[in-house]
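A short write-up of the structure that comes next.
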Amino acid sequence: MKVLTANRLIDGEVVFWKDAEWVERFADAQLFSGDDAEAAEAAEAHGKNQPTVVVEPYLIDLIESEGLWAPVSYRERIRALGPTNLNHGKQAEGGAGIEALQHAHGAARSKGRVDLIKRK
């Protein structure tokens, strides 16, 4: 499974792709399975054609955590949770999606981020 993510240009907020628009909560993101590779690539291409809306959209890999999905990469879990201060940002909202993100394990880099680093 994969999710498309980026940073919103106007305020730097981490956003996720859902049905042709950007949402702020990871739990609301559209999931792309291995069978949906074409749809995932099309979404990424559409996101990259929005340079006045988001910065550097890329796909991230997911793992199952507590019956829900979470990013494999520790970096991406932090981005999805908001600031590391537990009393602020998305973590303060709580809920099952936040719990799954907080308890997920794995430290691999997402392929999208690795490709982004290689380009620079």
Considering only residues of region 18-71 that are part of a helix (DSSP H, G or I) and hydrophobic (A, V, I, L, M, F, W, C), which is surrounded by the most Cβ atoms within 10 Å (Cβ to Cβ)? F26
Within region 48-59, identify whether any single residue is hydroxyl-bearing (S, T, Y) and under 10 Å from the mean Cα position of the chain (by Cα), and answer yes or no. yes
Given the criteria surrounded by fewer than 15 Cβ atoms within 10 Å (Cβ to Cβ) and either under 10 Å from the mean Cα position of the chain (by Cα) or of a type in the set (A, V, I, L, M, F, W, C) (or both), does L81 qualify? no
Filtering region 1-17 down to residues that are over 15 Å from K48 (Cβ atoms) and of a type in the set (V, I, T), which residue is surrounded by the most Cβ atoms within 10 Å (Cβ to Cβ)? V3
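Bear in mind these aren't lab numbers, they're just calculated from the coordinates by the rules spelled out. Just so it is clear, the structure is predicted and the values come from calculations on it, not from any experiment. Cβ: placed from backbone, ideal geometry, glycine included. Neighbour counts: every protein chain shown.
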